[in-house]
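Notes to accompany the following structure.
A short reminder: the numbers here are calculations on the coordinates, not readings from a lab. Note that the coordinates shown come from a computational prediction; the quantities given were computed from them, not determined experimentally. Here Cβ is always computed from backbone atoms with ideal geometry, including for glycine, and neighbour counts include all displayed protein chains.
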Amino acid sequence: MLKNKNLIFATMLAILFSGCAGNSVATTSQSSTNSMVQFSELEQRINELEKEKVVNNFEIERLKRELEKEVEAEQWFNKGYNATTPEKEIEFYSGAISINPNLAEAFYNRGLTYQNLQKYDLAISDYNKAISINPNLAEAYINRGNTYNKLQQYDLAISDYNKAISINPNYAETFYNRGNAYYNLQKYDLAISDYNKAISINPNYADAFYNRGNAYDDLQKYDLAISDYNKAISINPNYANAFYNRGLTYQNLQKYDLAISDYGRAISINPNDAKAFYNRGNAYDDLQKYDLAISDYNKAISINPNYAKAFNNRGVAYYSLGNYTKAKADALKASELGESKVMNFMKQKGMW
């Protein structure tokens, strides 16, 4: 049985601009504030020139045109942030970039959109550009790291998380995501260390408890794994994956009733989780409750008609009940889908 090890990466949100012009919104990052400082500096320089006894009209007009372009770029930027489709986001951020090619936040936000569209090469290109303009934009390093993680380029991801941490050591998400990269490299102790750090920054970080539980489980430290799943569930009572993985851990400990209870909770939260039905079926099978096991395998197959292991294990349950006709039918289907264990077993018994 395999864990549901779909690690959840924390994505930093799009950067917002604050009120300089147009339909601006509240700032949530230092990098955006820095852009506003640039605007203020332009305005201050214009005011200084206008107060000088020797008026430099040419310089004033140049700075005014530059300020107008900055403001126009911000307006396009905010349209991108408020857009309702990825296509419009890209269109407006691209418009902002065409007006102000040094707007790091526009490259960053467009990179996020490309990342969400799984256009990872384009996302990385935009994060690269944002970083070249603003080398202290921690969010760009974090999300470029997330993109490298998606591409399974874990060492590059870790390098980016290291850089983000050096810029801002107070982002729990950065430690959490670096922990996920270490986890994917099977460096579980390093992963646990990073999850610890994320939790110390944010004690209510349910995903960090959940993934630390996964790491403990892989190290066969089952009591610690269960404790972390418990904590994740206490923070988020609707955390289906935490119930599911705790169920698997209980099943590994042969605590089948507890496992069945957790699979039931996971199913109540997510009724379309074929794996939860499948593994609850396995637990019933371990208890020799074959009819209940078959019912759950039926449900798993109805959700995923190509679930080879479910056909295989349902065949085993039918065999255990002496229903060899149905056992052979499931063995054949499982074999067609690439799972031949029950067929090989029945061949050994001279039933094929």
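Things to note:
- Averaged over residues, the count of other Cβ atoms within 10 Å places the peptides 142-151, 263-272 in the sequence 142-151, 263-272, highest first.
- Virtual spin-label span in nm between residue 84 and residue 230, 7 Å along Cα→Cβ: 4.7
- Rg over Rh [alpha-carbon atoms, Kirkwood Rh] for the stretch 205-352: 1.04
- Using the Cβ-Cβ distance between residue 219 and residue 155 with R0 set to 25 Å, the FRET efficiency from 1/(1 + (r/R0)^6) comes to roughly 0.70.
- Computed from backbone phi, the HN-Hα couplings of the stretch 241-254 come to 4, 5, 4, 4, 5, 5, x, 5, 5, 4, 5, 4, 8, 6 Hz, rounded to whole numbers (Karplus: 6.51 cos²θ - 1.76 cosθ + 1.60, θ = phi - 60°; Gly and Pro given as x).
- Span from the the stretch 189-254 Cα centroid across to the the stretch 68-84 one, whole angstrom: 42
- For the Cα trace of the stretch 306-352, dividing Rg by the Kirkwood Rh returns an Rg/Rh value of 0.92.
- Legend: distances between Cα atoms for 289/326; 150/341; 197/255; 88/163; 289/341; 197/221; pairs beyond 26 Å are 150/341; 197/255; 88/163.
- Normalised by 2.2 N^0.38 Å, with N the number of residues, the alpha-carbon radius of gyration of the stretch 95-208 equals 1.08.
- The simple spin-label model puts a point 7 Å past each Cα toward its Cβ; for residue 98 and residue 136 those points are separated by 3.2 nm.
- Formal net charge of residues neighbouring residue 166 (Cβ-Cβ distance under 13 Å; K, R +1; D, E -1): +1
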